[in-house]
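Here's the structure, in structure tokens; my notes come after.
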Amino acid sequence: MPIAPDPSPELSTYAQPDRLVTTSWLEDNLDTPGLAIVESNEDVLLYETGHIPGALKIDWHTELNDPVIRDYLDGESFAALMSAKGISREDTVVIYGDKSNWWAAYALWVFTLFGHEDVRLLNGGREAWISQGRAITRDLPHRDSTDYPVVTRHDDDIRAFKEDVLEHFGRPLIDVRSPEEYTGERTHMPAYPEEGALRGGHIPTALSIPWAKAANEDGTFRSHQELVKLYLEDSGIVPGDDVITYCRIGERSSHTWFVMKYLLGFDSVRNYDGSWTEWGSAVRVPIVTGEEPGNAP
Amino acid sequence: MSPSDEALPTNLATIRDDFLALGVPDRLQLLLEFSDSLPEVPEDRVDPEAWERVEECQSPVFITVDAQPHEVVVYATAPPESPTTRGFASILVQGLRGMTPEQVLAVPADFPLQLGLQNAVSMLRLRGMSGMLWRIKRQVEEATGQ
């Protein structure tokens, strides 16, 4: 039985307000049965320095990826992970993290690949919670293990592969990386040289809308009105479009995927998690350099 | 990858053995203890121009080395919201303490891989620590003309 959505008026203008909760709602619901709070960060130790009371930690690098192949967990491994963490299939999962929920959105996207029904983001993430002076603890929560069912991962609806992108020309692609990565000046993100690609530039026709434009200074999402201006009015994307987002490895574009899917209400939005580390190293795929999106091949 | 067989100087060997004696979750706790105990750099001790950004790290961490003929002192700063990076810096600052330039240069480049942290923090993140180590060694080389 899902927990009733956060009724805060500040969320009500988004397409699916039930996908977000505010920090005050979460504070009021820390002990509500059926709630699992999950922290997912870029920094693997940040959780240990203090987290929201009762929150579990899920690390993207070490827990959501297949350890060998570049892919996510399969159904058995996800069920084992959820069961060990004490998360039930019926639980309302609220995910939060550092960097404006960058990795939290990635974790939410992976939960969605397995069709976990009620998974929400904490608007503003870790930074908002802490800056508002709300309680954090180093105590590890105890949750009884569960028997999470084995669910086949369903990639088709929200995940795009390189082959899908090659078939996608003519429909909107959003490149959410920094302008330097988009133009091809850099083959990696500033300060992330180890996650580079062999060639620089962007996928032809991709619009450049850096992910952070969707976030306020405090890490919360921009208002619905501001998002409409950014993604629709200024970019020419229209409601009903079939959209693919990408970045470097798919984590920043999960943030934009969340915005398009749940805050703006696009039905068909896929995240290309191969992203630039695949495209920029693949043989004979088309690439455009410079500030213009370029033409479809 | 098997750890290097080269003998490690005592401080580093002790740190490595402490990590390897623990199970994986406790290794993260030990890394957190290092993070919490990264020595503060006394004000005016370091020329602001001397700080070198460790580009291999995802978060802003800066190092600088005072390489005297008989002893190398490593200074590092990293923000509290980047505890993993702070932990890596702290291991090197404390582990290299008291070493001569020759000893620092002899530290195996794969020392970060000897701590058993691959499964706890991921290979990708460990590259940040490798980046710190080679930058420290490069600064020692430049300072001592070796």
Discussion item. If you take every residue apart from residue A:247 with its C-beta less than 10 Å away from the C-beta of residue A:247, what net charge results, scoring Lys and Arg +1 and Asp and Glu -1?
Written reply: -1
Discussion item. Can you give me the C-alpha center-to-center distance between the range A:64-96 and the range A:132-180, rounded to a whole angstrom?
Written reply: 11 Å
Item to complete: Treating the Cα atoms of the range A:1-101 as identical point scatterers in vacuum, please give the log10 of the normalised Debye intensity I(q)/I(0) at q = 0.10 Å⁻¹, two decimals.
Response: -0.32
Worksheet item: In the Gaussian network model of chain A, springs joining C-alpha atoms below 10 Å, which of A:183, A:137, A:23 carries the largest mean-square fluctuation?
Response: A:137
Response to the item:
If each part is reduced to its alpha-carbon centroid, the range B:116-143 and the range A:278-292 end up apart, in Å, by 31 Å
Fill in: Estimated translational D of the range A:35-153 in µm²/s (Stokes, Kirkwood radius over Cα pairs; 20 °C; 1.002 mPa s)
150 µm²/s
Worksheet item: Mean 1/r over all different Cα pairs, inverted: what Kirkwood radius does the range B:4-59 give, in Å?
Response: 14.3 Å
Practice prompt. Provide, for q = 0.12, 0.18, 0.20, 0.21 Å⁻¹, the log10 of I(q)/I(0) from a solvent-free Debye sum over equal Cα point scatterers in chain B.
Written response: -0.44, -1.05, -1.31, -1.45
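If DNA, RNA and ligands are ignored and the probe is 1.4 Å, what is the ranking of A:248, A:138 by accessible area, most exposed first?
Working: A:248 5, A:138 115 Å².
Correct descending sequence by accessible area is A:138, A:248.
Based on alpha-carbon atoms only, what is the radius of gyration of the range A:161-293 relative to the globular estimate 2.2 N^0.38 Å? Display every interim value, and only then the final one.
On the way: Rg = 13.9 Å, N = 133, 2.2 N^0.38 = 14.1 Å.
Here the answer is 0.98, to two decimals.
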Worksheet item: What is the distance, in nm, between label points placed 7 Å from the Cα along the Cα-to-Cβ direction at residue B:55 and at residue A:132?
Response: 4.0 nm
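Give the longest segment of chain A that steers clear of GluC sites (Glu not before Pro) in DSSP loops with at most 16 neighbouring Cβ atoms within 10 Å, not counting the sites themselves. Intermediate results must be reported in sequence, preceding the final value.
On the way: sites that count: A:90, A:117, A:167, A:185, A:217, A:291.
Value returned for the longest uninterrupted segment is A:1-89.
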Discussion item. Probe radius 1.4 Å, ligands and nucleic acids ignored: give me the carbon and sulfur share of the accessible area of the range B:1-119 as a rounded percent.
Written reply: 49 percent
Discussion item. Please compute the volume of the convex hull spanned by the alpha-carbon atoms of the range A:78-148 and report it per residue in Å³.
Written reply: 93 Å³
Fill in: For the range A:1-49 and the range A:206-248, distance of Cα centres in Å
22 Å
Worksheet item: By how many degrees, 0 to 90 and rounded to 10, does the Cα axis of helix A:98-113 deviate from the longest principal axis of chain A?
Response: 90 degrees
Response to the item:
In a Gaussian network model of chain A with springs linking alpha carbons closer than 10 Å, the residue among A:177, A:143, A:70 that fluctuates most is A:70
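So what is the accessible area of the protein assembly as shown per residue, in Å², with the probe set to 1.4 Å? Before the final figure, lay out each step's value.
On the way: 18970 Å² over 443 residues.
Here the residues of the protein assembly as shown average 43 Å² of exposed surface.
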Discussion item. Rounded to the nearest 10 Å², what accessible area does residue A:152 have for a 1.4 Å probe in the complete protein model?
Written reply: 120 Å²
Worksheet item: Nearest-5 percent of antiparallel DSSP beta bridges in the protein assembly as shown?
Response: 35 percent
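Hey, what D do you get for the range A:239-283 in µm²/s if you plug the Kirkwood alpha-carbon radius into Stokes-Einstein at 37 °C and 0.692 mPa s? Walk me through the numbers before you get to the answer.
Numbers: Rh = 10.7 Å.
Once the numbers are plugged in, D ends up at 308 µm²/s.
First select every other residue whose beta carbon is under 11 angstrom from the beta carbon of residue B:28; then total the charges, Lys and Arg +1, Asp and Glu -1. Don't jump to the answer; show the numbers that get you there.
Numbers: positive: A:57, B:27; negative: A:48, A:59, B:26, B:33.
Value of the local net charge: -2.
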Response to the item:
If R0 = 30 Å, then residue A:222 and residue B:66, at their Cβ-Cβ distance, give a FRET efficiency to the nearest 0.05 of 0.05
Fill in: 0 to 90° range, to nearest 10: angle between helix A:75-85 axis and chain A longest Cα axis
40 degrees
Worksheet item: What translational diffusion coefficient, in µm²/s and rounded to a whole number, does the Stokes-Einstein relation yield for the range A:27-70 at 10 °C and a viscosity of 1.306 mPa s, taking the hydrodynamic radius as the Kirkwood radius over Cα pairs?
Response: 133 µm²/s
Discussion item. Show me, for the range A:153-168, the HN-Hα J-couplings you get by feeding each phi into the Karplus relation (A = 6.51, B = -1.76, C = 1.60, θ = phi - 60°), rounded to Hz, glycine and proline as x.
Written reply: 5, 10, 7, 4, 6, 10, 10, 10, 9, 3, 4, 5, 5, 4, 8, 8
Worksheet entry | Amide H within-cut-off set for residue A:56, under 5 Å, with H built and near neighbours excluded | A:37, A:38, A:39
Discussion item. Run lengths n ≥ 4 of DSSP H only: what is the helix-derived mean residue ellipticity at 222 nm for chain A, with -39500 (n - 2.57) per run over all residues, to the nearest 500?
Written reply: -6000 deg cm²/dmol
Worksheet item: Which FRET efficiency value, to the nearest 0.05, do you get for residue A:31 and residue B:37 by plugging their Cβ-Cβ distance into 1/(1 + (r/R0)^6) with R0 = 30 Å?
Response: 0.30
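Beyond 31 Å, what percent of the Cα pairs of chain A remain?
Percent of Cα pairs beyond 31 Å in chain A: 26.
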Response to the item:
For residue A:284 and residue A:234, extending 7 Å from Cα along the Cα-Cβ vector and measuring point to point gives, in nm, a value of 3.9 nm
Worksheet entry | In Å², nearest 10: area of residue A:145 left accessible to a 1.4 Å probe | 90 Å²
Worksheet entry | Estimated distance in nm for a label pair at residue B:45 and residue A:162, the labels positioned 7 Å out from Cα along Cα-to-Cβ | 4.9 nm
Worksheet entry | Relative contact order (%) - the range B:14-146, alpha-carbon pairs under 8 angstrom, separation at least six | 30 percent
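For each pair in A:99/A:229; A:229/A:261; A:99/B:137, compute the distance between the two Cα atoms and list the pairs where it is over 27 Å. Walk me through the numbers before you get to the answer.
On the way: A:99/A:229 23 Å; A:229/A:261 16 Å; A:99/B:137 32 Å.
Table pairs above 27 Å Cα-Cα are A:99/B:137.
The values are calculated or read from the model by the stated rules, or taken from the named source; none is laboratory data. Every value quoted in this text rests on a predicted model; they were computed, and no experiment measured them. Counting neighbours? That spans all protein chains shown, and the Cβs are built from the backbone with ideal geometry, glycine included. These accessible areas exclude ligands, DNA and RNA; they are computed on the full protein's heavy atoms, side chains included. Shrake-Rupley method; radii C 1.70, N 1.55, O 1.52, S 1.80 Å.
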